[in-house]
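In what follows, a structure is listed as structure tokens, so that the remarks can point back to it.
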Amino acid sequence: MANRSSIFFATCFLVGFCGKAPGTVGSLLGAIAYPFTFGRLGWAAFVPSYSAAVLCAVWICGKAEDCMGERDPPQVILDEFVAMPLCYWPLEHFFAQIPMARWLFLLIGFALFRFFDICKPLAISKLQSLRGGLGIVLDDLAAAIATAFAMAVSFAVSISLGLVKQLP
């Protein structure tokens, strides 16, 4: 029973078996869920809640990997789903104030995350070599951090060039 449960949750309710590009689907689900979940939290709630979600994902993804008998199975998409809030949350204060820009912000974050998750530049690919759920989830968290950094730099450059009005 625990084996089926871990696969059920690690594949985001079996969505990971959807066919082509399950990682993209998992990322899209995470991007869509973000404004209704972690996007509503302040620091005091985000840090413990997100930490708990990541720890659960590491455990669940590791169990599912063992059950499926395959290293980092593509159907396991909980790692992408859980990583997406980290792409957005550091800049949430700015984009929450511009409702129309928020959807553009979510779309750009999604595209950048997929780039970093697929190409795995920098040391991201080394993290995936870690065993079990830790390796499954950490490379996605690193891709999310790279995404947040790229968006922050882009936002800062846009402000300095006068393309975006600086917010309070």
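The values are calculated or read from the model by the stated rules, or taken from the named source; none is laboratory data. What you see is a predicted model, and the numbers here were worked out from it, not measured in a lab. A quick note on method: Cβ atoms are made from the backbone with ideal geometry, for glycine too, and the neighbour counts reach across all protein chains shown.
Of these, LEU138, LEU112, LEU91, which one is more than 23 Å from CYS56 (Cα to Cα), at pLDDT 95 or above and either among the hydroxyl-bearing types (Ser, Thr, Tyr) or under 15 Å from the mean Cα position of the chain (by Cα) (or both)?
Just one listed residue meets the conditions, LEU112.
Could you grab me the full set of residues in the stretch 61-72 that are surrounded by fewer than 24 Cβ atoms within 10 Å (Cβ to Cβ) and either assigned to a helix (DSSP H, G or I) or touching a residue at least 12 places away in the same chain (Cβ under 8 Å) (or both)?
Initially, the stretch 61-72 is screened for residues surrounded by fewer than 24 Cβ atoms within 10 Å (Cβ to Cβ), giving 62-63, 65-72.
The answer is GLY62, LYS63, GLU65, ASP66, CYS67, MET68, ASP72.
Could you tell me whether any residue of the stretch 37-45 is at pLDDT below 95, of a type in the set (Phe, Trp, Tyr) and either surrounded by 15 or more Cβ atoms within 10 Å (Cβ to Cβ) or under 14 Å from the mean Cα position of the chain (by Cα) (or both)?
yes
Out of the stretch 75-103, which residues are outside any helix (DSSP H, G or I), under 25 Å from LYS20 (Cα atoms) and of a type in the set (A, V, I, L, M, F, W, C)?
VAL76, ILE77
Looking at the stretch 46-60, which of its residues are surrounded by 19 or more Cβ atoms within 10 Å (Cβ to Cβ) and farther than 30 Å from HIS93 by Cα?
Scanning the stretch 46-60 gives a single hit, ILE60.
Within the stretch 1-36, track down each residue that is part of a helix (DSSP H, G or I) and over 17 Å from the mean Cα position of the chain (by Cα).
Across the stretch 1-36, the qualifying residues are ALA2, ASN3, ARG4, SER5, SER6, ILE7, PHE8, PHE17.
Report yes if VAL47 is in contact (Cβ under 8 Å) with a residue 24 or more places away in the chain and either touching an Asp or Glu at 6+ places or on another chain (Cβ under 6 Å) or not small (Gly, Ala, Ser) (or both), otherwise no.
Spelling it out, it is not the case that VAL47 is in contact (Cβ under 8 Å) with a residue 24 or more places away in the chain and either touching an Asp or Glu at 6+ places or on another chain (Cβ under 6 Å) or not small (Gly, Ala, Ser) (or both).
Residue by residue, here is whether (1) closer than 20 Å to PRO22 by Cα; (2) among the charged types (D, E, K, R) holds:
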site	(1), (2)
PHE105	no, no
PHE113	yes, no
CYS119	yes, no
ILE136	yes, no
ASP140	yes, yes
THR147	yes, no
ALA150	no, no
SER154	no, no
ILE159	no, no
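Which one of these does GLU92 not meet: (1) surrounded by fewer than 17 Cβ atoms within 10 Å (Cβ to Cβ); (2) acidic (Asp, Glu); (3) more than 19 Å from THR11 (Cα to Cα)?
Of everything listed in (1) surrounded by fewer than 17 Cβ atoms within 10 Å (Cβ to Cβ); (2) acidic (Asp, Glu); (3) more than 19 Å from THR11 (Cα to Cα), GLU92 misses just condition (1).
Scan the stretch 138-156 and give yes if some residue there is not aliphatic (A, V, I, L, M) and not in a helix (DSSP H, G or I), otherwise no.
Scanning the stretch 138-156, I find no residue that is not aliphatic (A, V, I, L, M) and not in a helix (DSSP H, G or I), so the answer is no.
Going by the structure shown, is GLY132 surrounded by fewer than 17 Cβ atoms within 10 Å (Cβ to Cβ) and closer than 30 Å to SER5 by Cβ?
It is true that GLY132 is surrounded by fewer than 17 Cβ atoms within 10 Å (Cβ to Cβ) and closer than 30 Å to SER5 by Cβ.
Among all residue pairs at least 6 apart or on different chains, which show Cβ distances below 9 Å where the first residue, located in the stretch 128-149, is on the phi < 0 side of the Ramachandran plot and the second is part of a helix (DSSP H, G or I) and of a type in the set (Ser, Thr, Tyr)?
Listed by first residue and then by second, the contacts come to ASP139/SER125; ASP140/SER27; ALA144/TYR88; THR147/TYR88; ALA148/TYR88.
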